[in-house]
């Protein structure tokens, strides 16, 4: 059975076993706001594949690079910001390409420039 990437289906014990970590480590990551697993109606933590990939990144940062959890938090926030900026840039590039290909620009996106005429007065003493 295939599950969606964001579908919360894994119990904490399964995730701990898959990643070879203690369930308490996952609880600590949640307390530190490094991840937020979904909860069932009975308050049982459920993790998605996206959550597991995020945990793998956290583990790589802490184990291989020696980053503490405060540093991991900063890195994850920066990564999310960069991902958002890259997504916005991609959308803008696609919009620009569409505008170039259609040779028209919608009125709300049109750039209007006004030329100003400046007079220069020079005073002689």
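Each value in this text was obtained by applying a stated rule to the coordinates, not by laboratory testing. Bear in mind that the values here come from a model prediction, so they are computed numbers and not experimental data. Positions of Cβ are backbone-derived with ideal geometry, glycine not excepted, and every protein chain shown enters the neighbour counts.
Fully extended, how many nm does the chain gain between residue 9 and residue 60 (0.36 nm per residue separation, minus their Cα-Cα distance)?
Full extension of this stretch gives 16.1 nm more.
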Practice item. Classify segment 10-109 as rounded, prolate or oblate from the Cα gyration tensor: take a ≥ b ≥ c as the square roots of its eigenvalues, call it rounded if a/c is under 1.5, otherwise prolate when a/b beats b/c and oblate if not. Key: prolate
Revision key, fill the gap. PRE zone check, label point 7 Å out along Cα-to-Cβ of residue 83, amide N under 19 Å, scope segment 7-25, hits 7-10
